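I have placed the structure first, in the form of structure tokens, so that the comments after it can refer back to it.
The values are calculated or read from the model by the stated rules, or taken from the named source; none is laboratory data. Predicted model, so just to flag it, every value in this text is computed and none were measured. Ideal geometry is used to build each Cβ from the backbone, glycine not excepted, and the neighbour counts take in all protein chains shown.
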Amino acid sequence: MASEGAVFLHSNPVSSPASMPSNPLLDQLPSYQSLLYRRKQSARGSGRDQRASTSRQRMGSSSSGRWAGLSAETRSPDPTPQRPVRELPVNMKEKRLLAREQRLQQSKDLSSWERFHLRRLRSWRRFKDESHEVLLTLQLWRKDIHTIEGKFGTGILSYFSFLRFLVLLNFVMFVLIFGFITLPVVISSYGYGNGTSSYTEVSDCTTYPSSSRQGLVLFHQYIIDLLSGTGFLEETYLFYGYYRVSTVHFTKFMYNVPLAYLLVTIGYLLLSLLWIVKRSVAGFKQNLVQDEDRFQSFCNKIFAGWDFCITDESAARLKHSSLQYELKTDLEEERIKQKIAERTLAEKGRIYLLRLVLNLFVLGVLAGCFYAIYRATIYSQEQATLIKPENFILDLIVEYLPSIVITLANFVTPLIFDVIIQFEDYTPAFEIRFTLMRCVFVRLASIGVLLFSLWSQITACVEPCPCGYNHKLYPCWESRVGQEMYKLMIFDFIIIAAVTILVEFPRKLIVMHCPCALTLWWGQQEFAIPKNVLEIVYGQTICWIGAFYCPLLPVISTIKYFFIFYIKKVSLMQNCRPSTRPFRASSSNFFFLAVLLIGLAMACVPVGVSIAQINSSKACGPFVNYTTSWEVVPNTIDQLPPSLRSFFHGVGSEAFAVPFFVVVCMVLFYFIALAGAHKRVVNQLRDQLIMEGRDKRFLIQKLYQAQKESWMSPQHRSGSRISQPLRSGQLSGVFLEQHTGANMTHA
């Protein structure tokens, strides 16, 4: 395309570009010099110069042909057949008239059936558009999110959109659990369906003492039961132990409750996976095609970095400062990269040794936190089996001791990580990512340590275990695990609300009404997007793990996130300000969904282990007749007709698994190769665009030199008209540059 400008540059109103021979200016173009250099490197033999000359002639002829077509298009008085209606430089009324004329012109050549089919397609398209607009008006928090976007931009908007996605996800999970598990059990308990109890024998394993309090109960005991899930709350459909029905006999079919319980658990985990992957595709595409060239990053921030959704003046100032900060960060990264490249061997050894020592210290801090969680969980479980003193505060602290220790660990370790990362000498962007990944690991691993501590107590038996678990202390261990997840979720919500009311609001009052050096240095609370995202990802991981042991936990999570939305909104509007050091991935949800995907993988591990490995309780729940929860699947398959039974056995056999694995590997390798080919094409197009930019710069320099020479020539000074063709060529060259830029954008 730049060669077109070169051909035109030496043309004039008399001579035609097509009639010109090979132009010497083409040999000076950077793109042609690069092509010639590559061909010289790859070519061998005496015909090398001849092939280069042929290529040059082809380039000139093709350029002339394209320019002739372009000039013909520009000389056309009616641009409608050549250009789409939306690209015409006319107002909307004229565009509608032109579009209508085009449709009428096209419909003249169609038959009556084709015209009917076309009208039906247009009606269906119009119906879909109107339905989409109606659904948008019914979207949850649409007006609130638009208000937040208008005041604070798309960065903070992404957090609230992510929060709305979690509300919808938890609500769908609740609908699945309630419709396929809770509702059939409720129907059978009210006599609408003949429910069969899960119990088949009476032994020590089936003894399940009631946790409801007898006699006169103090008011604070009800508060403890409500906050910890014990007492009257344990005898509800909230927990696993209350689902004591194995089958429900309706009029025409028999409903298998254990199988439905297991399949629904697998179903909402798969649904969460597919939904998260679907939402992350757009952000992944953006990250895949994102140019890592620093010059490109500077241009994007300077010319296209402004968020035009911002209408608030203070938010605009903060956005201005954030762009300024990002430019400083990019320059600092370049300085650090240059510093890293210039390090000597002794400096590299010193920094690697320092990083090793600091990472060992981080491992020590993590080990201390995990051990504290382990000891707090064991102490809380031991105290739960003893007779509790009548002390409301002490009972509540003992019940929530693991949650308190986990919250303290999640609060203290990020502060330590922020101090340590400053001495490890990483780039600023890597510092943010590495610190966030450490925080993610602490939050998710703390839940794993809690579950490990619980299962070590559940499976520990001093005497031989006839039930496969410690049935004396944990007659219904699934409900006990569900209670711990319930307490973690309730305590997490209390902490979020308490920090907003007791920390952020007083801090704003102090900063506003007590202006001094200390308060000005302290400043107003910043709305840190990564920190808030990690909070809700932590809560969602708890929901995924606890939904198997506490089936109605998703509805509690839905209500929790519903209130958190308004808490965070009020905090953002009244107490906080946007962060001056924004997280770069906040404009897209890809990072949020990637962290959420890690939380989902973390949740699947304990749920899968408890389903496949740990013996199910013999005193409660729908799986009392099975050794493990997974055992219901082969037992159900054995009850199917012979044809279906043979099919499922064949699918689960090695004869099917090995070819299936091979086919999946082949498909995976194909997509990997396809992705590599696409990446190479993207790199080639990127190099081509860079080369086109260099050609344009070269042509502009030549135009400037030619213009300068023409203005300094004696003919121009004497007022002759010799320079008119040059000015005409210059104006047409400017048009050609615009057309070339449009083609590059379209490509």
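Below, the figures for the structure above:
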item: Residue 586 at pLDDT below 85 and either assigned by TED's automatic domain parsing to the domain that holds residue 243 or surrounded by 14 or more Cβ atoms within 10 Å (Cβ to Cβ) (or both); result: yes
item: Qualifying residue in region 288-298 (condition: at pLDDT 70 or above, among the basic types (Lys, Arg) and either in the same structural domain as residue 590 (by TED's automatic domain parsing) or closer than 30 Å to residue 634 by Cα (or both)); result: no
item: Answer residue from region 232-256, given it is under 18 Å from residue 174 (Cβ atoms) and touching a residue at least 60 places away in the same chain (Cβ under 8 Å) and is surrounded by the most Cβ atoms within 10 Å (Cβ to Cβ) among those; result: 239
item: Members of region 123-138 that are touching a helix residue (DSSP H, G or I) at 6+ places or on another chain (Cβ under 9 Å) and modelled with pLDDT of 80 or more; result: none
item: Residue 565 being part of a helix (DSSP H, G or I) and at pLDDT 80 or above; result: yes
item: Extreme residue, nearest to residue 313 (Cα to Cα), among residues of region 114-154 that are in a loop (DSSP other than H, G, I, E, B) and touching a residue at least 24 places away in the same chain (Cβ under 8 Å); result: 141
item: Residue within region 299-306 that is out of contact with any strand residue (DSSP E or B) (no Cβ under 8 Å at 6 or more places or on another chain), surrounded by 14 or more Cβ atoms within 10 Å (Cβ to Cβ) and either at pLDDT below 75 or charged (D, E, K, R) (or both) present; result: yes
item: Selection count, region 363-386, where residues are among the polar types (S, T, N, Q) and outside any helix (DSSP H, G or I); result: 1
item: Some residue of region 440-451 being over 30 Å from residue 325 (Cα atoms), touching a Lys or Arg at 6+ places or on another chain (Cβ under 9 Å), among the polar types (S, T, N, Q) and modelled with pLDDT of 80 or more; result: no
item: Output for region 110-140, where each listed residue is among the polar types (S, T, N, Q), surrounded by 10 or more Cβ atoms within 10 Å (Cβ to Cβ) and over 26 Å from residue 163 (Cα atoms); result: 123
item: Failed item in (1) over 24 Å from residue 547 (Cβ atoms); (2) of a type in the set (Asp, Glu); (3) in the same structural domain as residue 244 (by TED's automatic domain parsing), with residue 631 passing the rest; result: (1)
item: Cβ pairs under 6 Å, 6+ apart, first in region 503-530 and in contact (Cβ under 8 Å) with a residue 40 or more places away in the chain and assigned by TED's automatic domain parsing to the domain that holds residue 159, second of a type in the set (Gly, Ala, Ser) and surrounded by 11 or more Cβ atoms within 10 Å (Cβ to Cβ); result: 504/571; 526/579; 528/579; 529/586
item: Some residue of region 353-361 being over 33 Å from the mean Cα position of the chain (by Cα), assigned to a helix (DSSP H, G or I), within 29 Å of residue 456 (Cα to Cα) and modelled with pLDDT of 85 or more; result: no
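Condition check ((1) more than 30 Å from residue 347 (Cα to Cα); (2) in the same structural domain as residue 358 (by TED's automatic domain parsing); (3) surrounded by fewer than 22 Cβ atoms within 10 Å (Cβ to Cβ); (4) in contact with a strand residue (DSSP E or B) (Cβ under 9 Å, 6 or more places away or on another chain)) across all residues:
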| residue | (1), (2), (3), (4) |
| --- | --- |
| 407 | yes, yes, yes, no |
| 420 | no, yes, yes, no |
| 444 | yes, yes, yes, no |
| 448 | yes, yes, yes, no |
| 455 | yes, yes, yes, no |
| 472 | yes, yes, yes, no |
| 476 | yes, yes, no, no |
| 480 | yes, yes, no, no |
| 483 | yes, yes, no, no |
